[in-house]
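Reviewing the structure listed below.
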Amino acid sequence: MSQRKSYSKGMFTMAMRGFRRRCPRCGQGKAFESYFKLKERCDVCGYNFYREEGYWTGAMIMNIAACEVWFFAFFVGTLLSTWPDILWGPVMLVALITNGLLPVLFYPHSKTMWMALDLHFHPAGRNER
Ligand SMILES: [Zn+2]
């Protein structure tokens, strides 16, 4: 009987591993070679980061959703705090900059967070090497 390490963790722990751009299974290995280049496998546990065709659609949805949540919070917060004298120029400028920049900055986090979410709900990958 082989001694296999248990990778079972709660959703929050796995999400935080994803946010830190770590392997969602072991939490130890770095998932990225550089800021944008994902490794093929985890250096520590060997978990394969490339799952299947179309796998990253979920990461794109997470990335878009995070940016939209940010924009909604910013927009509503600005409207409520400056009503009725809303400065539309600065609001548009901040909205354009953040909606262009946040998806780029959040890109690697969205990938690892998506992997963590997928691994949490489809734990079959926990036992692979
Ligand atoms: Zn790992």
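Filtering segment 31-48 to residues that are within 9 Å of the ligand (Cβ to nearest atom) and closer than 14 Å to His109 by Cα leaves only Ala31.
Only residues that are of a type in the set (A, V, I, L, M, F, W, C), touching a Cys at 6+ places or on another chain (Cβ under 9 Å) and in contact (Cβ under 8 Å) with a residue 24 or more places away in the chain: list them for segment 8-67, please. Hits for segment 8-67 are Cys23, Ala31, Cys45, Phe49.
Filtered by the rule that a residue be away from the ligand (no atom under 16 Å from the Cβ) and outside any helix (DSSP H, G or I), segment 49-68 gives Glu52, Glu53, Gly54, Tyr55, Trp56. Out of Phe74, Phe49, Phe12, Phe32, one residue alone is open to solvent by 50 Å² or more (accessible area, probe 1.4 Å) and either touching a Lys or Arg at 6+ places or on another chain (Cβ under 6 Å) or not charged (D, E, K, R) (or both). It is Phe12. Output yes when any residue across segment 99-116 is touching a Pro at 6+ places or on another chain (Cβ under 8 Å) and of a type in the set (S, T, N, Q), and no when none is. Taking every residue of segment 99-116 in turn, at least one turns out to be touching a Pro at 6+ places or on another chain (Cβ under 8 Å) and of a type in the set (S, T, N, Q).
Tell me which residues, restricted to segment 58-100, are β-branched (Val, Ile, Thr) and under 30 Å from Leu119 (Cβ atoms).
As a first pass, look at segment 58-100 and keep what is β-branched (Val, Ile, Thr): 61, 64, 69, 76, 78, 82, 86, 91, 94, 97-98.
Residues satisfying the conditions are Ile61, Ile64, Val69, Thr98.
The values are calculated or read from the model by the stated rules, or taken from the named source; none is laboratory data. Predicted model, so just to flag it, every value in this text is computed and none were measured. Reconstructed Cβ throughout: ideal geometry from the backbone, glycine too, with neighbour counts over all protein chains shown. Areas reflect the complete protein model, heavy atoms only, side chains present, ligands, DNA and RNA absent. Shrake-Rupley method; radii C 1.70, N 1.55, O 1.52, S 1.80 Å.
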